[in-house]
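First up is the structure itself, then whatever we jot down about it.
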Amino acid sequence: MAANGLVAQADELSWLTPYQVRWDSPSSHSAASMPCGGGDTGLNVWVEKGDLFCYIQRSGAFDENNQYLKLGRLRVRLTPNPFDEGTTFRQELILRHGHVAITGEKDGLRTTVLVWVDVFHPAVHLEIEANQPIHATASYENWRVEDRDLPDDVARPRFACLGWDGYPGKVTRFRDEIDFAGNNVYFFHRNRDDKLLIDYTIRQQGLSSVRDQIVNTQRGRTFGGIVRGENFVASGTSTGRYQATPFTAWNLRSCEARKNHHIELISHIAQTPTLAAWREGLKRQIQKLPTLAAARASSQRWWHDFWNRSHLVIHPEKPDPKNRAWRIGRNYQLFRYQLACNAFGEYPTKFNGGQFTFDPSLAGKHPSLDPDWRAWGGGSFTAQNQRLVHWPMLKSGDYELVKPQLEFYLRALPSAIARVKTYYQHEGALFAEQLENFGLPISAGWGWPEPQAKKRQRGKEVPFGDPRIQGAFGPNSLVERGEQANAYVSYHYESQLEMSYLALEHHRFFGSDLSRYLPLIRASVRFFDEHYQLRQKMRNGKTLDDQGKLVIFPSTSCETYRAAKNPTDLIAGLHACLDGLLELDDALVPPAEKNYYREFKQRLPEFSFGEVKGDRIIKPAEKWLKVQNFECPQFYPLFPFNRFALGRDDLEVFRNSWKHGTFRKDLVQSWHQNGIFFARMGMTQEAADFNTRKLDDSPRRFPTFWGPGHDWVPDHNWGGSGMIGLQEMLMQTIGDRIVLLPAWPKDWDCDFKLHAPHRTIISAKVRQGKITELSVTPKSRTVSVLDDAKTLLEIK
C-alpha cells in the first residue's frame, strides 16, 4: 500500500524491526488476538475461520454501573476469501507505523488489510487492497441488545462493575441503541440519569449534603458512533453466538467488487445535557476528520516520534527469540506499544486489561460472562496497581502518557476535599485506595446494609462481614464515620502521596507546568498533618507526641501490615512530597508556604528499625496488629519514594530486611515489585533473574498478554513493574545523580536511550559490561552521570 502514502521510516528505527510480531497462521479465538491502537482507542485484532475480527475499546466508555464497556466488535468477510483454509497467511504488528497488516494469498488472489487507529481523531480504519476485484461485508456486532440483570452468583458478573459487587439488591446493565442510519450503522449507549451508581454511592456514604461538590462523571455520559464503508450499503441484521455470548450483527456490504475498500468506525464520547447534543457532537466529529491519507501520515509521524524518543535493546547485534534476555528487551517494547495506545485517553490505562481484554471464558472464567467483563472493575481504579502502569513512562520519555493518570486525581479532587470537610471538618483531600472515577470509595468497599445477614460467595454460604467475602465487608455501621468497612483498604491513604510525587517527578523530568497539579499535591499532603494531629488530640488532648512528632495512627502499611502506627511507606511518601515542594521555585510555592512544609517535615516520625540475628533491618511500621496480603512497604523508601540511593547511602539495612523478611518472595506475577527493589539494592543477579521471569513471554499467542495473575489479562501492572525493573537495572536517577549500570549483567549487551530529570536524555552502548559510547543531552548534565563504579563518565 505504498501508493496510499505510507510514511517512509529512517534507518534510525532499524532496531525496531526484529521486535515486530509476525504470525503465519490465523488464530483460533480472541485470546490469540494482537493489540492495535492509537490516541485513546485499542483494538484486539485476529483472523478466525476466514473472518477478520476487531474488538474496539475507547477510554471513557463507562455506563450507569461504571462498567467499562467495549464499543462493539467488527467482523469483515471478503469474497473470494483470501484468509480461508489453504491460504498463505501473514499477520504482523508493524510497530514503527503502529498498525497491523494482514495478508492472504490463494489461487492468485493476494489481499492485504491494514488495521489502524487515527492517533488524533477517534476513528478506526480498515484499508483493504487486493490484486483483483473482491466483495467485502462489514458487520457491527453487539451483545448488549437488551437489558440484562447481573446476578450476585458464583460467576460474579458484578465484579466487572466493582462498586456493585456483593450488593444485596438488583443490578441491571442497560441495553445499547443500534440501528441503520441510511447506509451506516449507528450505535450508542446513553446513561440513564435515574440509574447511576454515583447517586447510590453519595447516599450510602452520607454525602448528600455536599452532592453538588462531588464530581459527576456519569450523568449524561454517552458513547457510540457509526460504522461505514466507501460504497457500502445496509444489508440487514443477523444473529449469532461467539464464545457462548449471543450477539446481533448489523451488516454492510460493498456495492460492487473492487480492488480497494475502506471501512471505518468513528466514535464519540461526551457528557451532554441531551441526546441531541451528543448527536450533534458526533456529527462535528465526523465533519472534522482529515482525509485518509492525511490521517495516516500524521498518525505514522506520531509513532515515528514515539519510537525515536526512547529505546532499550538487549543484544542488538544478535536478535534471537530463543535468548531470554533478547526476548525481555522485545517485550519491553511491545508492552510500551500497548501503553501508547492510550496516550491521549480521557482516563488512564487500566491495570486490569487496559484496552485489550477478550472473552473471559478463554481465561478460565464462567462462560456466562461476556466480552465486557474484567476482574476488579472498569470505572473504579485501584491505586497500588495503577501506579505501576505509569512510573516507567518517566524514563521512557512518554510524558503525555502520564497525564491521564494525573488528570484522574485532579478531576476527583473536589470529591476528595468534600469528604474531608464532611467527615472530619479540617483541610485536605482524602482519596481511597479503590476509587470510583467520580472520586468516592467503591460502594462494595464501604460496606452493605445490615439486613443482608449472609452472603453467597463462590457457591458457599459464609457469614455477612466475613473478610473472605470479596466486596461485602460490611455492615458499615460497625466502622467509624468516614471510613470503609473493607478490611484490606480501610485507612490505606499512601496512594495520594504517590500520585502527588508522580506529578512532582513529571515536572522534574520534563519541566512540565506543575501549577495545574499543585492544588492536588497541597491538599493531599496537608490532609496528613491536620488529620493525625486531630486524631492524637482526640486520644490524649495533645496534637503531637512527647517528642513533638506526628502520630500516624490508625493507619496501615499498604494492605499488608494492618492497624499500623507510623507506617514506613507513608513517612517516605510525605518526605518525598515535602522535599519536592521545597525544591520548587518561589513563584510556584511562596516562601511562607515553604516555611510550613519545613515545619511539617520536622513533625514527621522517624523510620522504624529493628534487629534480626544481629542484622539491622527497616520495619514496615513502628508497630502493627496483624499481617495480611504480601506487599513489601518497608522497601517503599527505595521505590517509589527515592529516599535512599546506591553509592550515596548504606543499603545494607535493606538487603538485611530482604534476607530476613517473612513475606512471600516467590511470586513474580502482577504487581510484585521484587525486581525493582533488587535493582535499587544493587543485587544484579537477583534483579536479572526476577525481571527476566517477569518480562518473559506470556503463555498466550501475543507475548505481552500476561495474566490474569492477581488481576486480569492482559495484566498491565505486570508489564509496568517489569519495565520499571529493567530501567532501574540500567539507570537510576535519585536527586541530581544519574547512575548507569547499577545492576546490569555484564553479559547483556545493550543499546539504550532513556530520559532523566531536568530534560536530560542519556544514549549509550554497553558491551561486555562497559559503556563504549555515551551521549548526554544537554552536555551540561554530564557532570551528574556516574557508572556503577561511581566514576565520572566522558562523552564519546
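Filtering region 669-682 to residues that are open to solvent by 20 Å² or more (accessible area, probe 1.4 Å) and in contact with a helix residue (DSSP H, G or I) (Cβ under 7 Å, 6 or more places away or on another chain) leaves Gln669, Trp671. When Ala160 is tested against (1) of a type in the set (Gly, Ala, Ser); (2) crowded, with 22+ Cβ neighbours inside 10 Å; (3) at pLDDT below 95, only condition (3) is not met.
A quick yes/no check of all residues on (1) out of contact with any strand residue (DSSP E or B) (no Cβ under 6 Å at 6 or more places or on another chain); (2) open to solvent by less than 10 Å² (accessible area, probe 1.4 Å); (3) of a type in the set (Asp, Glu):
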position: Leu16; (1), (2), (3): yes, yes, no
position: Thr41; (1), (2), (3): no, yes, no
position: Arg77; (1), (2), (3): no, no, no
position: Glu92; (1), (2), (3): no, no, yes
position: Arg96; (1), (2), (3): yes, no, no
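Six or more apart or on different chains, Cβ atoms under 6 Å: show the pairs whose first residue is in region 163-174 and over 14 Å from Tyr68 (Cα atoms) and whose second is assigned to a helix (DSSP H, G or I). Between residues of region 163-174 that are over 14 Å from Tyr68 (Cα atoms) and residues that are assigned to a helix (DSSP H, G or I), the close pairs are Asp165/Arg158; Asp165/Phe159; Asp165/Ala444; Gly166/Ala444; Val171/Arg158; Val171/Trp164.
Filtering Ser209, Ser310, Ser267, Ser298 for residues that are closer than 30 Å to Asp398 by Cα, hydroxyl-bearing (Ser, Thr, Tyr) and more than 24 Å from the chain's Cα centre (by Cα) leaves a single hit, Ser298.
Of the strands (runs of 3 or more DSSP E) that lie entirely inside region 382-484, those containing 1 or more residues that are at pLDDT 95 or above and under 30 Å from Arg211 (Cα atoms) span 434-436. Lys694 falls short on exactly one of the conditions (1) open to solvent by less than 10 Å² (accessible area, probe 1.4 Å); (2) part of a helix (DSSP H, G or I); (3) within 26 Å of Tyr491 (Cα to Cα), and that condition is (3).
Here's the yes/no breakdown for (1) at pLDDT below 95; (2) in a strand (DSSP E or B):
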| residue | (1), (2) |
| --- | --- |
| Gln602 | no, no |
| Glu606 | no, no |
| Ile617 | no, yes |
| Pro620 | no, no |
| Phe630 | yes, no |
| Gln634 | no, no |
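Of the set (1) touching a residue at least 60 places away in the same chain (Cβ under 8 Å); (2) surrounded by 17 or more Cβ atoms within 10 Å (Cβ to Cβ), all apply to Arg228 but (1).
Residues Ala375, Ala416, Ala412: which one is open to solvent by less than 10 Å² (accessible area, probe 1.4 Å), touching a Lys or Arg at 6+ places or on another chain (Cβ under 9 Å) and touching a residue at least 40 places away in the same chain (Cβ under 8 Å)?
Numbers: Ala416 fails: touching a Lys or Arg at 6+ places or on another chain (Cβ under 9 Å); Ala412 fails: touching a Lys or Arg at 6+ places or on another chain (Cβ under 9 Å).
The unique qualifying residue is Ala375.
Taking the listed residues Asp51, Asp24, Asp118, the one that is charged (D, E, K, R) and either modelled with pLDDT under 95 or over 24 Å from Arg700 (Cβ atoms) (or both) is Asp118, with no other qualifying. Of the set (1) within 19 Å of the chain's Cα centre (by Cα); (2) assigned to a strand (DSSP E or B), all apply to Asn66 but (2). Can you say whether Ser30 is among the hydroxyl-bearing types (Ser, Thr, Tyr), touching a Gly at 6+ places or on another chain (Cβ under 8 Å) and open to solvent by less than 10 Å² (accessible area, probe 1.4 Å), as far as the supplied structure shows? No; evaluated as a whole, the condition is false for this residue. When the criteria are applied in full, Asp24 fails the requirement of being free of Cβ contacts under 8 Å to residues at least 40 places away in the same chain, charged (D, E, K, R) and closer than 13 Å to Gly104 by Cα.
Could you tell me which residue of region 594-617 is farthest from Phe528 (Cα to Cα), considering only residues that are open to solvent by 50 Å² or more (accessible area, probe 1.4 Å) and of a type outside the set (Lys, Arg)? Only one residue tops the list, namely Gly614.
Whenever a residue of region 624-652 is farther than 24 Å from Met723 by Cβ and among the polar types (S, T, N, Q), its partners that are open to solvent by less than 10 Å² (accessible area, probe 1.4 Å) and in a loop (DSSP other than H, G, I, E, B), lying with C-beta atoms within less than 8 angstrom and at least six residues away or across chains, give the pairs Gln628/Thr560.
In region 721-735, the residues that are among the polar types (S, T, N, Q) form Cβ pairs under 8 Å with partners that are in a strand (DSSP E or B), at six or more places apart or across chains, as follows: Gln727/Leu312; Gln727/Leu754; Gln732/Ile738; Gln732/Val739; Thr733/Val739; Thr733/Ala756. Of the strands (runs of 3 or more DSSP E) lying entirely inside region 244-321, those carrying at least 2 residues that are under 23 Å from Glu346 (Cα atoms) and either open to solvent by less than 20 Å² (accessible area, probe 1.4 Å) or in contact with a strand residue (DSSP E or B) (Cβ under 8 Å, 6 or more places away or on another chain) (or both) are 258-271. All of (1) in contact (Cβ under 8 Å) with a residue 24 or more places away in the chain; (2) out of contact with any Pro (no Cβ under 6 Å at 6 or more places or on another chain); (3) closer than 25 Å to Pro640 by Cα hold for Leu534 with one exception: (3).
Name the residue that is surrounded by the most Cβ atoms within 10 Å (Cβ to Cβ), counting only residues in region 179-195 that are outside any strand (DSSP E or B) and basic (Lys, Arg). Outline the logic, then answer.
The first filter runs over region 179-195 and keeps only residues outside any strand (DSSP E or B), leaving 182-183, 191-195.
Still in the running and basic (Lys, Arg): 192, 195.
Values: Arg192: 12, Lys195: 15.
Among those residues, the one meeting the criterion is Lys195.
Taken residue by residue, region 545-554 has no member that is among the acidic types (Asp, Glu) and buried (at least 21 other Cβ atoms within 10 Å of the Cβ). Taken over region 618-646, the criterion of being buried (at least 21 other Cβ atoms within 10 Å of the Cβ) and among the aliphatic types (A, V, I, L, M) is satisfied by Ala621, Leu638, Leu646.
Under the condition of being under 30 Å from the mean Cα position of the chain (by Cα) and open to solvent by less than 50 Å² (accessible area, probe 1.4 Å), the residues counted in region 583-593 number 2. Taking the listed residues Val215, Val233, the one that is among the hydrophobic types (A, V, I, L, M, F, W, C), open to solvent by 20 Å² or more (accessible area, probe 1.4 Å) and closer than 17 Å to Phe180 by Cα is Val233, with no other qualifying.
Each residue in region 120-157 was checked for being without any contact (Cβ under 8 Å) to a residue 60 or more places away in the chain and assigned to a strand (DSSP E or B), and 2 pass.
The values are calculated or read from the model by the stated rules, or taken from the named source; none is laboratory data. Source: prediction; values computed, not measured. Neighbour counts run over all protein chains shown; Cβ positions are idealised from the backbone, glycine included. Each accessible area value is taken on the protein alone, full model and side chains, heavy atoms only, with ligands, DNA and RNA left out. Shrake-Rupley method; radii C 1.70, N 1.55, O 1.52, S 1.80 Å.
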